[in-house]
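Engineer: Attaching a single structure in structure tokens format; questions to follow.
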Amino acid sequence: MTNPVTQRSLEFIATCSDPAKLRQLAHNADRQNNSVVREAARRRLYAVLPSEEPGTLEYDVWQSIHALEDTLSTERGKTIRLSRTRQKIGRDKETQTVADLILKPASDGFRMLLERNLLALTFEAVALRHPDKFDPAVLEAARTRLATVSKPTK
């Protein structure tokens with residue numbers, strides 16, 4: 001059973017759309033060793049940061065980028081930006097960037113998201129949520145990569 005303070009925090013997080021408040025909640029929860037609130041605040045933060053329309057490929061791509069940037073920034077204590085990925089999106093747009101990265105060997109970003117238990121935010125998972133945007137070869141590469149890291153259930 002969740003304690004009342006944690007429950008109130010989770011209820012607030014579910015409706016909060018202010019990135020500063022969500023960051024502060026995650027920071028406070030981290031100091032208090034409350035991983036439930038910390039993770040909920042971070043996941044909500046990643047959901048509110050993209051300016052694109054929720055449910056779109058673009059939204060999912062930017063959610064992934066924001067999640068990795070925020071996680072790395074928090075861990076390293078300084079602002080981290082995925083400059084090369086952002087530049088590639090500027091040149092080639094989200095769909096082509098995702099496809100290109102999936103067709104190459106696993107990127108550092110993929111491994112970093114995997115290590116942080118954010119597999120659903122990888123570009124591979126993003127592509128599989130938007131199969132109409134990608135060629136069959138890209139989707140198969142995404143499935144294969146995710147299958148190699150997914151733990152079998154017993």
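Engineer: Looking at Glu11, Glu39, can you tell me which residue is part of a helix (DSSP H, G or I), of a type in the set (D, E, K, R) and closer than 26 Å to Val149 by Cα?
Structural biologist: After applying the criteria, what remains is Glu39.
Engineer: For region 60-79, does any single residue satisfy the condition of being hydrophobic (A, V, I, L, M, F, W, C) and assigned to a loop (DSSP other than H, G, I, E, B)?
Structural biologist: No, region 60-79 contains no residue that is hydrophobic (A, V, I, L, M, F, W, C) and assigned to a loop (DSSP other than H, G, I, E, B).
Engineer: Another one. Go through (1) under 17 Å from the mean Cα position of the chain (by Cα); (2) part of a helix (DSSP H, G or I) for Ser51 and report which single condition fails.
Structural biologist: For Ser51, the exception is condition (2).
Engineer: What number of residues within region 113-139 are in contact (Cβ under 8 Å) with a residue 24 or more places away in the chain and among the charged types (D, E, K, R)?
Structural biologist: Of the residues in that region, 4 qualify.
Engineer: For Asp70, state whether it is modelled with pLDDT under 95 and buried (at least 18 other Cβ atoms within 10 Å of the Cβ).
Structural biologist: yes
Engineer: While we're looking at this one, here's another question. Among the listed residues Ser107, Ser150, which satisfies the condition of being closer than 17 Å to Ile65 by Cβ and out of contact with any Cys (no Cβ under 8 Å at 6 or more places or on another chain)?
Structural biologist: Sole residue among the options that is closer than 17 Å to Ile65 by Cβ and out of contact with any Cys (no Cβ under 8 Å at 6 or more places or on another chain): Ser107.
Engineer: Within the group Ala67, Ala142, which residue is within 14 Å of the chain's Cα centre (by Cα) and free of Cβ contacts under 8 Å to residues at least 60 places away in the same chain?
Structural biologist: None of the others qualify; the one that does is Ala67.
Engineer: Among the listed residues Ala26, Ala47, which satisfies the condition of being closer than 28 Å to Phe134 by Cβ and surrounded by 12 or more Cβ atoms within 10 Å (Cβ to Cβ)?
Structural biologist: Criteria check complete, one pass: Ala47.
Conditions (1) out of contact with any Pro (no Cβ under 9 Å at 6 or more places or on another chain); (2) surrounded by 14 or more Cβ atoms within 10 Å (Cβ to Cβ); (3) assigned by TED's automatic domain parsing to the domain that holds Arg23, marked per residue:
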residue	(1), (2), (3)
Asp60	no, yes, no
Gly77	yes, no, no
Lys93	yes, no, no
Val98	yes, yes, no
Ile102	yes, yes, no
Leu119	yes, yes, no
Val126	yes, yes, no
Val138	yes, yes, no
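Engineer: Still on this model: May I ask you to list the residues in region 81-96 that are touching a residue at least 12 places away in the same chain (Cβ under 8 Å) and either more than 16 Å from the chain's Cα centre (by Cα) or assigned to a loop (DSSP other than H, G, I, E, B) (or both)?
Structural biologist: Within region 81-96, Arg81, Leu82, Lys88, Ile89, Thr95 meet the criteria.
Engineer: Among the residues of region 110-147 satisfying the criterion of being part of a helix (DSSP H, G or I) and aromatic (Phe, Trp, Tyr), which is farthest from Thr71 (Cα to Cα)?
Structural biologist: If we take residues in region 110-147 being part of a helix (DSSP H, G or I) and aromatic (Phe, Trp, Tyr), then Phe123 is farthest from Thr71 (Cα to Cα).
The values are calculated or read from the model by the stated rules, or taken from the named source; none is laboratory data. What you are looking at is a predicted structure, and each value in this text was computed from that prediction instead of being measured. Here the Cβ is made from the backbone with ideal geometry for all residues, glycine too, and neighbour counts use every protein chain on show.
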